[in-house]
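Read through the structure below, which is laid out as structure tokens, and then see the notes.
The values are calculated or read from the model by the stated rules, or taken from the named source; none is laboratory data. Treat the numbers as computed from the prediction; the structure is a model and nothing was measured. All Cβ positions, even for glycine, are placed from backbone atoms using ideal geometry, and neighbour counts span all protein chains on display.
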Amino acid sequence: MMQEPDLEPLELDPPTSSRLGKAPATGSDEDGALVYLGDRPTYSCANCSTHLALQDELISKAFSGRDGVAFLFHSAVNIKQGKKEDRMLLTGMHTVADITCMGCGTSVGWTYLKAYETSQKYKEGKFIIEKEKIVKDNAWSLES
């Protein structure tokens, strides 16, 4: 009987960005694999459960999306960015790009690339994710 080689589980460091050691701003890791945010509180795709953002990256729950309430995030992971386009939104003209979940291709929101109004510049580089497209995982454990 062949003996299985001793294999150790691969442990990757959590993804980081320049902003307080949080998740990377967009996309996946270097080889195109989906990013797993570990046992931290996250928001995931409601369709396929792919992690999309850390709860710590949430800025506001008071935004409007195409289909209702949307959340504004500092960063997002496991998303694919579409073509940029100028779009007139409730707060004025913005250059945006739609974003889709890399796990299943569901449209989940958009990213702000440019705001033309001075008062809206804070949105640049941020992500709108529709509330109905995500689920919250608090990562609670009964073990201590």
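In this structure, residue 121 qualifies as of a type outside the set (Ser, Thr, Tyr), more than 13 Å from residue 45 (Cβ to Cβ), at pLDDT 95 or above and exposed (fewer than 13 other Cβ atoms within 10 Å of the Cβ).
Within segment 57-86, being of a type in the set (D, E, K, R) and modelled with pLDDT of 95 or more holds for 57, 61, 80, 83, 84, 85, 86. Could you look through segment 77-88, keep only residues that are among the hydrophobic types (A, V, I, L, M, F, W, C) and closer than 25 Å to residue 44 by Cα, and pick out the one that is farthest from the chain's Cα centre (by Cα)? Filtering first and then ranking leaves 79. Against the conditions (1) assigned to a loop (DSSP other than H, G, I, E, B); (2) modelled with pLDDT of 90 or more; (3) hydroxyl-bearing (Ser, Thr, Tyr), residue 17 satisfies every one except (2). Evaluate segment 107-130: report whether one residue or more is touching a helix residue (DSSP H, G or I) at 6+ places or on another chain (Cβ under 7 Å), in contact (Cβ under 8 Å) with a residue 60 or more places away in the chain and not β-branched (Val, Ile, Thr). For segment 107-130, residues touching a helix residue (DSSP H, G or I) at 6+ places or on another chain (Cβ under 7 Å), in contact (Cβ under 8 Å) with a residue 60 or more places away in the chain and not β-branched (Val, Ile, Thr): absent. Name the residues in segment 69-86 that are in contact (Cβ under 8 Å) with a residue 12 or more places away in the chain and assigned to a strand (DSSP E or B), would you? Result: 69, 70, 71, 72, 73, 79, 80, 81, 82, 83, 84, 85.
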